[in-house]
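Data first, discussion second: the structure below is written as C-alpha cells.
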Amino acid sequence: HSSASVRRVVSPGLPPLDAQTELVIYRVAQEALTNAARHAGAAAVELSLTRAGDQIVLSVSDDGSGFDVRREGAGLRGMHERARLVAGGLTITSSPTGTIVRLTVPAS
C-alpha cells in the first residue's frame, strides 16, 4: 500500500476568512484527501485553494478509481452539510479515472 503524492496550489493574497469558513474548508479538504487515500487508490492528488471573483474555491482532484456519486455515504453528506453552514456550494464529479471535489464559499 503506497501513499499518493499530493500537489498543493494555494493562490497568494487570499482574503482572511472567518473561523467557521476556515474550518469548513479544512474539514472538506481533509475528507476529500482521506477518501482519495482510503477508497480511490489514487497515485496523485492535487489540492488547490484559489479565488474566483467573490468566491474562494477549494478543489481536490485525484486519479483514483472513482465511485458512484449517487451512493452518498456519511462522509459526503457531512461535506455537503458543512458547505451549507457557510452558504457555500459543493460539487463532486467522479469517473473511473478520478474524482474532483469542488467547494465554493463566499470570500467575505
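We did not get these values from a lab; they are worked out from the coordinates using the rules stated. Since this is a predicted model, take the numbers as computed values, not measurements. All Cβ positions, glycine included, derive from the backbone under ideal geometry; neighbour counts span all protein chains shown.
Taken over the chain, the percentage of Cα pairs per 5 Å bin, counting from 0 up to the bin with the maximum distance, is 2, 13, 24, 24, 18, 12, 5, 1, 0. Here's the picture: charge each Lys and Arg Cβ at +1 and each Asp and Glu Cβ at -1 in the stretch 1-77, and of Leu23, Gly64, Thr50 the one pushed furthest to the positive end of that dipole is Gly64.
Please give the Cα centre distance for the stretch 1-70 versus the stretch 84-108, rounded to the nearest Å. Each part reduced to its Cα centre gives a spacing of 9 Å. When the helices of the chain are scored as -39500 (n - 2.57) per DSSP H run of n ≥ 4 and the total is divided over every residue, the value at 222 nm lands at -8500 deg cm²/dmol. For the stretch 29-82, what does the alpha-carbon gyration tensor say about shape, rounded, prolate or oblate, given a ≥ b ≥ c as the root eigenvalues, a/c under 1.5 as rounded, and a/b over b/c as prolate? The shape class here is oblate. Any idea what angle helix 19-35 forms with the longest principal axis of the chain, computed on alpha-carbon atoms, 0 to 90 degrees, nearest 10? Once rounded, one gets 10 degrees. Simple point charges give the picture: +1 on the Cβ of Lys and Arg, -1 on the Cβ of Asp and Glu, and for the chain a dipole about the Cα centre of about 100 debye. Here the relative contact order of the chain, from alpha carbon pairs under 8 Å that lie six or more residues apart, stands at 30 percent.
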